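Comments concern the structure below.
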Amino acid sequence: QSLAVDASGWVWAAIQGRGIMYWRANEPQLVDDRTRRIDIPERRGGDTVNAIGLGPPDVPALANTVWLARSRGGLSVLDHKGTLRNQEDDVWNFGVSLAFTTEDGLARDVVQSLVITRDTAWIGSGAVNGIAGGIDRMSIKDLTFGDRLVTRRAPTTNFVADIDFGQPGTAWDGHVWLATGSRAQRRFGAGV
């Protein structure tokens with residue numbers, strides 16, 4: 001469903017309905033080994049991981065965090081402390097709650113996309129009952145949600161399928177790119 005490669009060379013993959021798994025990027029063969037899978041706590045039936053974000057490696061408190069955009073369960077954050085084989089020291093959601101959901105200020109429990117920066121988690125929502133929620137911004141410092149970014153004109157929808165930032169030093173520095181719309185639900189339109 002989704003892939004991300006962290007600064008230490010671990011590949012993280014969302015495996016349909018079975019949480020996430022990890023392996024070294026330079027391994028010659030991928031083996032779906034149960035010891036390399038991590039189950040998501042309080043996972044609901046049909047809940048999958050739509051996107052994976054990684055904490056910035058140069059921020060010690062976030063260097064070992066894996067952020068999971070969930071199809072029904074909001075946003076979950078795993079801090080594996082750099083000890084992947086020992087899941088007993090894992091901390092979920094910074095120890096403050098279960099997953100971050102609408103009860104915490106998230107627009108929708110359907111999270112389609114996310115990008116993690118030094119101080120902000122940018123979270124793109126999908127639709128619930130036909131209405132998408134735009135982009136939530138969560139402060140990493142105090143784990144609170146700021147003003148939601150939604151629009152009535154462009155992009156054509158608040159269903160945010162992917163988010164990316166222009167690279168520093170390029171002509172696109174300071175630009176944010178949004179992929180909008182749903183492949184499965186055409187009524188939400190599509191565009192960039």
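Of note:
- One decimal place: the segment residue 32-residue 18 gains 3.9 nm when fully extended, by the rule 0.36 nm per residue minus the C-alpha distance.
- GNM flexibility winner over the chain from 126, 134, 146 (Cα, springs under 10 Å): 146
- Residue-wise HN-Hα coupling along the range 2-13, computed from phi with Karplus coefficients 6.51, -1.76, 1.60 (Hz; x: Gly, Pro): 7, 9, 8, 10, 8, 5, 8, x, 8, 9, 10, 9
- For residue 17, the amide hydrogen comes within under 5 Å of the amide hydrogens of 49, counting only partners 5 or more places away or on other chains and with H modelled in the peptide plane.
- Close amide H contacts of residue 112 (hydrogens built in the peptide plane, cut-off under 5 Å, sequence separation of 5 or more or a different chain): 124, 125, 126.
- The residue among 149, 107, 92 whose Cα reaches farthest toward the positive pole of the charge dipole of the range 75-172, with charges on the beta-carbon of Lys, Arg, Asp and Glu, is 149.
- A simple charge model with +1 on the Cβ of Lys and Arg, -1 on the Cβ of Asp and Glu and nothing else charged puts the dipole of the chain at about 740 debye relative to its Cα centre.
- From the coordinates of this entry, mean projected area of the Cα convex hull in nm² is computed, and it appears in (i) 11.8; (ii) 12.4; (iii) 12.9 under the label (i).
- Stokes-Einstein diffusion for the range 1-78, with the hydrodynamic radius set to the Kirkwood value over Cα pairs and evaluated at 10 °C in a medium of 1.306 mPa s, equals 123 µm²/s.
- Shown in residue order for the range 22-28 are the 3J(HN,Hα) couplings computed by the Karplus curve 6.51 cos²θ - 1.76 cosθ + 1.60 at θ = phi - 60°: 9, 7, 6, 4, 9, 5, x Hz (x for Gly and Pro).
- Across the range 121-133, rounded Karplus estimates of 3J(HN,Hα) from the backbone phi angles (6.51 cos²θ - 1.76 cosθ + 1.60, θ = phi - 60°) give 9, 9, 10, x, 9, x, 9, 10, 6, x, 10, 8, x Hz, Gly and Pro being marked x.
- Amide H contacts under 5 Å for residue 23, placed H, 5+ residues apart: 11
- Å² per residue, accessible surface of the range 36-183 at 1.4 Å: 51
The values are calculated or read from the model by the stated rules, or taken from the named source; none is laboratory data. Everything quoted here is computed from the prediction, not taken from an experiment. No Cβ is skipped: glycine too gets one built from the backbone with ideal geometry, and neighbour counts run over all protein chains shown. Please note that ligands, DNA and RNA were not included when accessible areas were found on the heavy atoms of the full protein model with its side chains. Shrake-Rupley method; radii C 1.70, N 1.55, O 1.52, S 1.80 Å.
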